[in-house]
Amino acid sequence: MTPDDISRRSRQIERKVVSTVASGLITGFIFATVGTLFGRWGMLIGGGLSGGLVMMRGGREVLRRMRSLATDVLNTSFNLIALGHLGEADALLDWIEAKPRFVWVERLVDIQRAIIGLRRGDLAVAHARIESALSRPVGGHARENALQQIEGARALRALVRAGLGRPEGAREDIAYVRGGAAPSETALAKVALAEAMILERAGEREALRKLLEEERDLLLEHTHPRERAIVRAYQRMLRSARSSVYRQGAAQVRREATLDEPTLADWVARVAPGAAPFVRAGMRDTQASTTAVEAALGPPGASGAARRAVMAAREEAAAARRRARLQSMTTLALGVGGVTLMCAVFLEKVVKSVVMGDRYDASSWLASEWVLYLAPLLILAVMLYRGAHRRKPQAKGAWRSTDEERSGSRARGGNEARGAGEARGAVARGEEGPRRRVRVGPDEATLRTIAEQGTGVEAAQAHLRLALEAERRADFEAALAHATRGMGRLVDPRTRAASDVVFPDLVSLRAFALAACDRGQEAEAEIGTLGARYPDHARSVFRVRLMQRVREGDLAAAAAWVAQGETDLPLSVREEMLADLTLAAAAPDRVGAGELFRIRDELRTAPELRHWIEVAAPGVLRALEGGHVQGAEREAEGEAEREAEGEAEREAEEMVQAPRRELSRLG
């Protein structure tokens with residue numbers, strides 16, 4: 001959402017307020033005038049009531065539009081925060097705070113301001129904003145969402161308090177989140193990271209190692225990329241007795257800090273100082289932009305045939321949906337026509353029997369007429385009722401799960417969601433040991449039902465969820481099919497306008513699936529239809545073109561794309577591993593032995609992740625396991641061992657010389 005869109009919708013709301021008041025006054029005036037002319041004074045009361053009802057209905061519409069605008073602005077600002085565009089998000093939040101607002105809006109503004117403070121490394125500001133958010137009354141409107149936002153705020157406060165060195169307060173928030181009936185995976189991941197930071201500051205390395213092993217999937221899958229960098233740093237720290245190798249790695253080329261947020265290394269130094277020496281920020285933390293890299297590498301261009309194939313696929317999906325809709329409408333028309341015909345025949349019999357004096361045998365009349373005409377009506381009514389009753393809770397579940405994959409700081413006014421939800425059936429370990437249930441969304445069977453029977457955005461979101469799950473399983477053909485069908489459910493321009501995030505998410509995922517299916521030209525054509533205003537545009541372009549180069553076997557170009565691409569993109573754990581793996585396979589001497597060990601360990605301990613890499617990038621995996629990488633690994637090991645031996649010798653010499661210097665000083 002752009003500032004122009006916000007201004008336009010604000011003007012529409014202002015005009016609606018004026019028209020609502022005018023309509024109420026005009027309605028009351030007309031009733032009053034007619035009542036006066038005809039001497040019907042009771043019409044004055046009716047006029048007042050009618051005018052009041054008109055204004056009440058208009059007021060409800062104004063309130064709905066105000067909530068919708070606030071929700072869209074908050075969702076847009078959250079997307080900007082996720083992409084690191086903190087200045088733009090600040091501007092949107094300034095606009096919201098300058099307008100009359102609801103309590104839930106104030107709470108979300110406070111939470112998003114806290115996230116901005118955390119992203120900038122200003123933990124004091126983040127803590128103050130979270131305290132303000134938690135002090136807001138819950139209220140009755142969207143109470144369930146409010147409680148989820150409070151849960152997310154408590155998880156965020158645990159992380160901030162851990163960074164501020166307040167372990168007691170952080171542990172209180174950790175216990176609160178883990179003690180919930182069904183905490184979200186995002187909240188559990190944040191409190192797990194907060195606990196890891198507490199253990200690291202206390203020097204409890206063995207407890208930290210155990211926590212990272214138990215909560216590995218949670219910490220890597222449900223954290224922001226910058227938070228994930230802290231987890232990676234802790235993993236490297238526990239694998240190394242010294243930090244010298246990693247300090248050298250972190251001193252590589254770095255980009256300048258922007259007004260939006262500091263560099264990754266500087267941010268980690270502010271939030272988790274103990275992890276800073278082990279952060280490898282240099283390889284992708286460069287000043288070069290994606291545009292510059294495209295110019296240097298020669299970005300792939302979509303051919304005319306590829307563009308036509310993309311448009312044909314969209315048209316086929318839309319045509320399939322139109323055919324299904326036509327079939328449904330035909331069935332409905334036949335049903336309604338049949339019911340109407342049966343009602344007409346039945347009424348004819350009644351008229352003949354009652355008005356015209358025709359007489360029928362009672363038993364034969366009941367046996368023939370009622371059963372013949374009313375039984376189909378009852379069957380149709382039962383079928384319609386059961387279908388509506390079954391679909392309603394499923395649709396509600398789909399919307400809820402889509403919202404829940406977002407952080408508690410996102411507005412949940414029936415939008416979003418981007419992304420659409422990845423509510424998984426995973427569980428997370430609580431502090432005391434037993435496994436706890438987390439919030440989950442509909443299962444695959446339910447999603448398929450919604451995708452087939454739902455309407456508009458609801459069905460498109462179900463297809464998006466199914467496509468995301470297929471991509472996680474490395475079933476890129478299924479992901480491509482669901483993304484295409486989901487786009488076909490949004491052929492109506494009015495429906496597409498109401499799904500300003502779902503549709504581009506489907507486009508982005510379809511382009512990625514095309515690239516993974518060795519249809520690079522079509523992937524380029526698909527990604528070219530995304531506008532730069534799409535909040536996830538940079539990530540979409542990065543992952544699609546990385547996959548293109550990997551599938552083409554051009555490892556050098558893929559590594560160059562990763563090394564000089566956009567930094568701090570909100571990549572998934574699979575995309576991040578693909579990028580790290582590409583760098584390690586192309587330049588193992590640059591990433592160092594510690595990074596190679598981490599990559600190997602992660603692929604060994606995460607079979608789902610390894611399967612995804614084997615399907616998406618088998619060539620990169622073979623290159624990593626090749627002799628030149630192993631040779632570089634052994635060379636890096638030898639260098640680290642020689643450095644450790646030299647440091648041990650220096651320490652021994654220091655132990656010998658220290659008493660001598662002390663005796664010399666005393667003598």
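The values are calculated or read from the model by the stated rules, or taken from the named source; none is laboratory data. As the structure is a computational prediction, the values presented were derived from the model and not from experiment. Methodologically, a virtual Cβ is constructed for each residue, glycine included, from the backbone with ideal geometry; neighbour enumeration extends over all protein chains shown.
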Which of the residues spanning the stretch 575-590 are of a type in the set (A, V, I, L, M, F, W, C) and within 12 Å of Leu624 (Cα to Cα)? Leu578, Leu581, Leu583, Ala584, Ala585, Ala586, Ala587
Within the stretch 133-144, is even one residue surrounded by 24 or more Cβ atoms within 10 Å (Cβ to Cβ) and farther than 22 Å from His222 by Cα? yes
Given (1) among the basic types (Lys, Arg); (2) at pLDDT below 90; (3) assigned to a helix (DSSP H, G or I), identify the lone condition not met by Arg129. (2)
Does at least one position in the stretch 85-98 carry a residue that is buried (at least 17 other Cβ atoms within 10 Å of the Cβ), assigned to a helix (DSSP H, G or I), in contact with a Leu (Cβ under 7 Å, 6 or more places away or on another chain) and at pLDDT below 70? no
Output the residue which, of all residues in the stretch 266-284 that are modelled with pLDDT of 80 or more and under 17 Å from Arg590 (Cβ atoms), is farthest from the chain's Cα centre (by Cα). Phe278
Residue set Ala525, Ala511, Ala483, Ala515; condition within 15 Å of Ala459 (Cα to Cα), modelled with pLDDT of 80 or more, in a helix (DSSP H, G or I) and touching a helix residue (DSSP H, G or I) at 6+ places or on another chain (Cβ under 6 Å); output residue Ala483
Taking Leu238 as the residue in question, decide whether it is in contact with a helix residue (DSSP H, G or I) (Cβ under 8 Å, 6 or more places away or on another chain), more than 26 Å from Asn79 (Cα to Cα), part of a helix (DSSP H, G or I) and not aromatic (Phe, Trp, Tyr). yes
Please state which one of Gly520, Gly531 is at pLDDT below 90 and within 25 Å of Leu624 (Cβ to Cβ). Gly520
Given the criteria surrounded by 19 or more Cβ atoms within 10 Å (Cβ to Cβ), more than 23 Å from Arg65 (Cα to Cα) and in contact with a Gly (Cβ under 7 Å, 6 or more places away or on another chain), does Ala126 qualify? yes
